[in-house]
Structures are given as structure tokens and as C-alpha cells.
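Okay, so here's the structure we're looking at.
The values are calculated or read from the model by the stated rules, or taken from the named source; none is laboratory data. Quantities reported herein were computed from a predicted structural model and do not represent experimental measurements. Because the Cβ atoms are built from the backbone with ideal geometry, glycine has one as well, and the counts that use them run over all protein chains shown. For accessibility, only protein heavy atoms count, side chains too; no ligands or nucleic acids. Shrake-Rupley method; radii C 1.70, N 1.55, O 1.52, S 1.80 Å.
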Amino acid sequence: MGQGNNNNATIIRVDIRVVLDLETRGAQMGLSCINMSLSDFYSSNPSYKTRLVLNVRDSKQDEVAAAAAAALDLIKNKQVQAIIGPEGLVQADFIIDLGNKSHVPIISFSATNPSLRSIRSPYFVRAVQNDSSQVNAISAVIQAFGWKEAVLIYVDNEFGESIIPSLTYALGEVSTRVPYRSIISPSAADDQILEELYKLMTMQTRVFIVHMLTTLGSRLFAKAKAVGMMSEGYVWILTNGITDRLSSVVSSVVTSSMQGVLGIQTYIPNTPNLDNFMFRWKMKFQQDNPSILNPALNIFGYRAYDATRALAMAIEEMGATNFTFQMLNASTNATDLDSIGVSQNGQKLLQELANMTFTGLTGNFKLVNGQLESSVFQIVNINGNAARGVGFWELENGLLRDLHLFNRSNYSTSKSNLRSIIWPGDLTSVPKGWEIPTNGKRLKILVPVKVGFSQFVKVTQDPSTNTSQVTGYCIDIFRAVIEKLPYAVAYDLIPFALPNGTKAGNYNDMIDQVFYQNYDAIVGDTTIIANRSLYVDFTLPYTESGVAMLVPYKDSKSKNAWVFLKPLTWDLWLTTGCFFVFIALVVWILEHQINEDFRGPAAHQVGTSFWFSFSTIVFAQRERVFSNLARFVVIVWVSVVLILTQSYTASLSSLLVVQNLQPTVTNMDWLLKSGEKVGYLDSYFVYGMLKQMKFDDSRLISYQSPEECDALLSNGSTKGGIAAAFDEVPYIKLVLSKYCNKYTMIPTFKTAGFDFVFRKGSPLVPDISQAILNVTEGPKMTEIENAWFPSQTNCPDSTNSISSNRLGLDSFWGLFLIAGVAAVLALLIFMVMFIKRNWHIITSSSGSLWEKTIALGRQFHRRDLNSHTFRKAGFRDRRLVMHISLRRSTSEVP
């Protein structure tokens, strides 16, 4: 540290040590940016009282020697106030430990290894993001495209290994499995790289996440291109280990071997200051290094520039401080490490750095917990000789098409938030992320060994060849599904059996075999259960779902005296009766004045009216109606009665048939209370459900075949049999296909049905599920069902054997509305005509309103002699009198 005179002001010179491997292009770039940062900072702030003095030390690729020399020479002898630049893990680890002892801040712009944070050193400042900060961005891209497996390819050193735990965890959070980790030595020969790539080609997974530096990465992609792994169907995703240094990759490698690759890149806003700096740096670097053509500047150069500026600002903020060391007393036999001093200003300098905030070349510079804060990464797609931005990832919002959108929603992993991507093979369609390799292994598929219900799965042993033949309904469906896949799948069906041919365990044991990856899948009558889904993946079901109860029919021929009332509901009976009375009243009003059949004593009139109305049920009315209004009402009402009687007759006939086909048991509660014994197929699933319903073991009887189930139901609970059998719907339907005249099925519980089982995260599951839909919706499914479960034509319809729908008012209210409107309309017309004929009574001046009403009633009670019916009758009477008089006069002539 020294002082000088500048404009009558004291300049405080502060020693800073720079430790870099100057034989590498990246270190040369970093040192150049550090020098430019100090030059720019002090030229724009000439009045500042402090000046950083750089003491550069070339580590010469010897990490331990560089660390020791920097610490012992610079901290002990030079008393530097900060050290910039430890790169590798071993070098940084050693220097950070010395920084702790001497209280000297260690500032790194390139040490991205996440494990350095585990050292918990308060004097280590990382002016760059660590590699683990990008893992959530990678997992968001994986989730956006729905890939369920990804292979990690990384370099076999501390740089490659450090990110793997956090990356694997992030992938697991989005349900993506890592089936394999490909570790490549940094000094691997081309043959070793090819050997690893050929191994990857034999696997199903086609999504590869690459974490290594550009030197090894360039060789990897060149070999991948040579063996055909940069073609259609492959997905390559780069961490920022390569994308942040892409400018240093030979352009011929990028254009020929890396087309279609996705990458996660540290986002750097494009600003005028950045463009100006890049132009000035390139000119300065070429002046200092004329032998280097087309120098490349990457993110670490920007970080070195900003980190140096932050340190210079922090030193200036400390003011005219005495930058000294306190030397420790050491014994004569003490090591050099024990005799180093302690900086008196290290803690204060560290605090100033922590509080430092400014806008640097790469955006906002702010340290959080001793590490540069950053929450944005850019998603890039390599096309041509450069990386093209297709979107962004933010910690708060996930994937974004544009950072400047104002209508941001919650965290998103939708691929629609990314721009179009050109994938390997020059394709725009998203790769599915896996393939069945032509030279890959065959799938090992377990099938259950069943004692009964062999129509579903049947295993036949051939002792002469010691081979097994597997057939059955489930097997035929699986083969039909495999044929629907757009690619070939090689597989072997392996019975889950002991050497003697008997079953080796239950269905849960088979699930365990797949979970422990001893087998790839299970094909058979396997049921989807919630707890099983924790260990394996299920396809969509290919059978009808549910657990049902199988019960015998009972002969219900006992006569019910009131069965004729059941076809109609009470509200329909009541409405019909009211309308019969209403129609009788309307017809009486319309016919009373003109029809002798509706006149006479009151009892006669009431009886005739009701007789006329109710006789329309059988269309037996004898009375004639003369009024056109009455005829209109009767025609409408007869139509309504005709429809009602026909519907009643059909419903009563159906009800009488149904009563002969009633099941012996209709609900679960009765079974639980009755103490009757019940049966179940010998399986853990149905047994567990019955136990949950509080059935005691003493009441449970298992069976293994349709014949055994029939025998138990035929005997009944009193003779050692069962009152009902519980099983899954496919098994119940198989029993019914043989004994449909004896039993009926009553649905009881909802379940997911039969399906195929695969390993957790298997990429085959979505395609198999889609193929199942194609099979079940087509004629192939019916063909398979008819082949294994032939139906009987003489079976009663079980759906009609349990219940019959009664006819209600809601089915006929429209008819009653029409009849009611017709009757009311006829009454209104009659009243208007009647009042018009007797208007003189209403308009007469004498009499009160009550007296006029009584007069109108009397007028209504009288015959309407002006009616054509009475006029016709009077004409007949006069003709008869004249005829009689004529005969009398003729007889009196002598």
C-alpha cells in the first residue's frame, strides 16, 4: 500500500491479488476485463481517494501451488486486502480457507461450483451464479414438453458432479426419472466417448441433459453427430456450462454437430453500454494479444468487470482507512500458515460489498448471502452458427415468451410460452423423448398364473419343451394394443410361477417385482388401486370398472291385490280423477239446456254426467251430445284417455313381468344385518373391500372358478353356500355368460377396472393408453369379447329385471294442459253466448244484482226451446197430432 500526490490530495493505494491461470483463454479474457474495469472506474471518478493496485499471479494450471503461493506470499508478505479470481474447486477451497484465517475477502467471478457454498465461509464472495441456480429452469423445460425420463451426461470432475444432486431433485419434483447417468472423463479418448454414446443408443430414453465445458462438449457432439444421435427423435439440453461459453466453440462444430440443441443461458440484457464495452474490449484485447484472432467475450468477462468495479466502490466507501494487518505471534517451529496476519478491515470491506448495489454490464449487481442474485435465464435454440432465444425462465413466473409482458399469471410451465423450436433433424414437431431401440433389450412382462377364470389369462406348460404358452382375453387385448403402436415393441410374456408351475405369489407380489425393476410390466387382470399407484404406473383401463354383487333370481309370482295401481304414480291418479270430474261438469253445463239426457232430477243429472265422463275409459258412453262445444271437449278428452289407457296397459304388463324376476338380495345393508354368508373371488382386493364393510371372516367364503361360484349360490347360505357373490364386473359378466337364467348383477362399488402395469415413469404408458382407446372404441374389442365370452340369447334383460319405471304426471302434464285449455275455452264461449241471449235480463232496470243472478240461473235451468233439438222434436210432435186428427175425422164420415 502506498500514497501519492494528485491535485493536492492523498491517494491511498490498496493492494489486490489476482490469481488466474493465464495460460487459458478465459483467464486472459478475465484479466483484460479487470484492467478495463479499473481504468473505466477511475477515469470516470478521478476525485476518488483510493486506487486498487493489482498484483497478478499466474497459477500455471497448478492449483495447489498457486493457492499456497498466493496465500503465503501475498497475504503474509504483501498484505493484500482482497483476492480476485480463484477458478477451480481445489484452488478456491484452499484460498477460501486462508481467507477465513486472515479475514481477507475472496472474490470469484468464475467459480460456479455449488459445493463451495457448503464451506460456509463468510469471506467468500461469489460474483456469479452457482450452477445449481439453473436446475429449476431445466426442469421447467422438461415439464413443459412432458418428458418423463432424462439421461444426465456430465464430465467426471468436481465441475460436472456438483450440479447432479440438485438437478436430479429438481427433475424428480416434476415427475421426471433419471434412468442413467453417463459420466465422461475430461481426458476421455474418442473411442471412449463413442462407447458411451453407443450405450445410450441402446436405451429407450432420448432426452439428454449435458453438463460439461466446451472443450469436451465439442468432441461429444461431433461424435454424437457421427453416430446419428443428432437426428429425428433426439433431444439435447445444455446447461450454461456450454451455452455461456458458446462463442468459444469452433463455429464448424456448432453448425455441423449442434443443430437443434436446446440450452439454458444466463440472461444478459442487451444495453448500449454493453455494446460499447464489447467494441472497446475487442480492440484492447487484440492490441495486447495480437496473436489471438477473433477473441471471444463471454459472461465471465462481464462478471469480472462488474466484480472489480464493486470491489473498487467498496474500497472507496471505506474512505481513508488504515489498511493494515495484525501480525500473530508464532512459535519458532510454527508453519507459515500459523504466522499469517489478520486484516483489520476485512469485516468492514465484506460489509460494504454486501451492501453494494449498482447497474453493471450484466444488469443489476446485488449480492445475496455472498452470491450474485439472479432470477432470469434465457432458453436458447441453436440454429445456424448461433443460439436463438425462444423464451425465458423466471423464478417467480416460470416460462415466459417475453420478459416485458404485463399480464403475467402464476408460475407457468406451458410450452405455449416458448417460441417455435427447431429440433435435431430439422424438425418442428416436439420429439416424444423416447424410442424403442432396434438393438435394445426385449421387455420382460409378467403374467399371472390363475387357477380359475382362465378365460382372462391362461398359462399352459409344455413339459417336453419346458416352455409356456400364454393365452386369454387380457393377452389378446394387449397384443391388439401393441399392434396399434406406431413402432415395434419386442417383449416376452413370463408367467409368475414357481418351478412346479404353481403361482409364485399374489398380485401385490407381482407389483413389487416391477417396482424393484426385475420386470418391465404386468399384463393380466390387474386392478388399479390407489396404494399401488405409489410404486408403479398404470395405463388407462381396458375393461368396465366397478365391483358388483351377483345374486340369484327369486320367483315372485305371489299376487298383489293392489298391483293395478302401481303403473301410475299417486299424483297422476289424482290428476286423472280430478279431470274426469271436471270434464263431467263441463259437458253437463254445455248440454243441460239442449239435451234431455242431462235434464231431470238432480240425482239423475249427476249420475248421467259422471257416467258419461268415466265411460270414456272404455268408450262405452251411450248418451249423445248435441252441442258443438261439448263435442269439441269430448273429442279432446277421449284422445287424452286413449293415450293414458294405452300407456297404463303397457306399464302394467311390464310390471307383471318384472315382478317374476326380482333378485333375492337388493342392497348391502340387508346382507350386513341378515348374517348371510357371502362369497368372493380368491383375491386380496375384493377381500379387503368386504373387510372394510365389516363382514366377519366367518361369513366370507372364497371361490376360484365360475362353476364353484354357481355351486355356492345354488346351495344358499343355509346349506353351506352363499347368498351373494362379490367380484369385479368382468368376472361377474363371465359367470352371467354361463348362468344368466339363474342370477343377476347389482352394481355396488366404483373401481378403475383392469389395466396394464409398467414401471414408474415408463415412457410407454401414454402411448399404450392411447392405443387402448383405439382398440376399445373399435370393432376389435367386440371381436375379442365375443371370442372369450360368448353371450347366450335366452337370457333375460337384467336391467329390466330389477326395476320398472312408474308413469308420472311429468310425462303427461302436456295432455292435461291441452284438455283443460279446450274445456275452459268451450265454457268461456258458452258463457258469452248465454249472456248475449239473456242480455235483457241483465240490462233490466228492476231488481238487484242478486235477483238478476237468480233470474239468469232459472233461465239456464229452463229448456232452450229455440235450440234445433227442441224445434225438431216439436215439429215431430205437431206432425203426429195432425196425423191422429186426420185419422179420427176419416173414421167419423158415414
Review point. Within the stretch 693-721, can you find the residues that are over 30 Å from Asn786 (Cβ atoms) and open to solvent by less than 10 Å² (accessible area, probe 1.4 Å)?
Key: Phe695, Gly721
Practice item. Counting only residues that are touching a strand residue (DSSP E or B) at 6+ places or on another chain (Cβ under 6 Å), give me the helices (runs of 4 or more DSSP H) lying completely in the stretch 148-230 with at least 1 of them. Key: 158-162, 190-201, 214-226
Review point. Restricting to the stretch 131-152, what's the tally of residues that are open to solvent by less than 20 Å² (accessible area, probe 1.4 Å) and either closer than 30 Å to Ala304 by Cβ or touching an Asp or Glu at 6+ places or on another chain (Cβ under 7 Å) (or both)?
Key: 9
Practice item. With respect to Gly688, determine if the residue is within 39 Å of the chain's Cα centre (by Cα) and outside the structural domain of Thr205 (by the TED database). Key: yes
Point to revise | Close pairs from the stretch 451-479: first in contact (Cβ under 8 Å) with a residue 40 or more places away in the chain, partner of a type in the set (A, V, I, L, M, F, W, C) and open to solvent by 50 Å² or more (accessible area, probe 1.4 Å), Cβ under 6 Å, at least 6 apart | key: Gln455/Trp788; Tyr473/Trp788
Point to revise | Residue satisfying all of: in the stretch 646-667; farther than 23 Å from Pro730 by Cα and open to solvent by less than 30 Å² (accessible area, probe 1.4 Å); nearest to the chain's Cα centre (by Cα) among these | key: Val658
Exercise for review: Take Ile643 and decide whether it is β-branched (Val, Ile, Thr) and either open to solvent by 60 Å² or more (accessible area, probe 1.4 Å) or in a loop (DSSP other than H, G, I, E, B) (or both).
Suggested key: yes
Practice item. Mind listing whichever residues of the stretch 668-692 are open to solvent by 40 Å² or more (accessible area, probe 1.4 Å) and modelled with pLDDT under 80? Key: Asp682, Tyr684
Check your understanding: Among the listed residues Gln286, Gln265, which satisfies the condition of being assigned to a helix (DSSP H, G or I) and polar (S, T, N, Q)?
Key -> Gln286
Review point. Would you call Arg303 at pLDDT 65 or above, part of a helix (DSSP H, G or I), surrounded by fewer than 20 Cβ atoms within 10 Å (Cβ to Cβ) and of a type in the set (D, E, K, R)?
Key: no
Practice item. Identify, by number, the condition in (1) at pLDDT below 85; (2) touching a strand residue (DSSP E or B) at 6+ places or on another chain (Cβ under 8 Å); (3) outside the structural domain of Asn35 (by the TED database) that Thr332 doesn't meet. Key: (2)
Point to revise | Scope the stretch 438-448; condition open to solvent by 30 Å² or more (accessible area, probe 1.4 Å) and either part of a helix (DSSP H, G or I) or at pLDDT 90 or above (or both); matching residues | key: Lys444
Point to revise | Failed item in (1) open to solvent by 70 Å² or more (accessible area, probe 1.4 Å); (2) of a type outside the set (A, V, I, L, M); (3) at pLDDT 90 or above, with Thr10 passing the rest | key: (3)
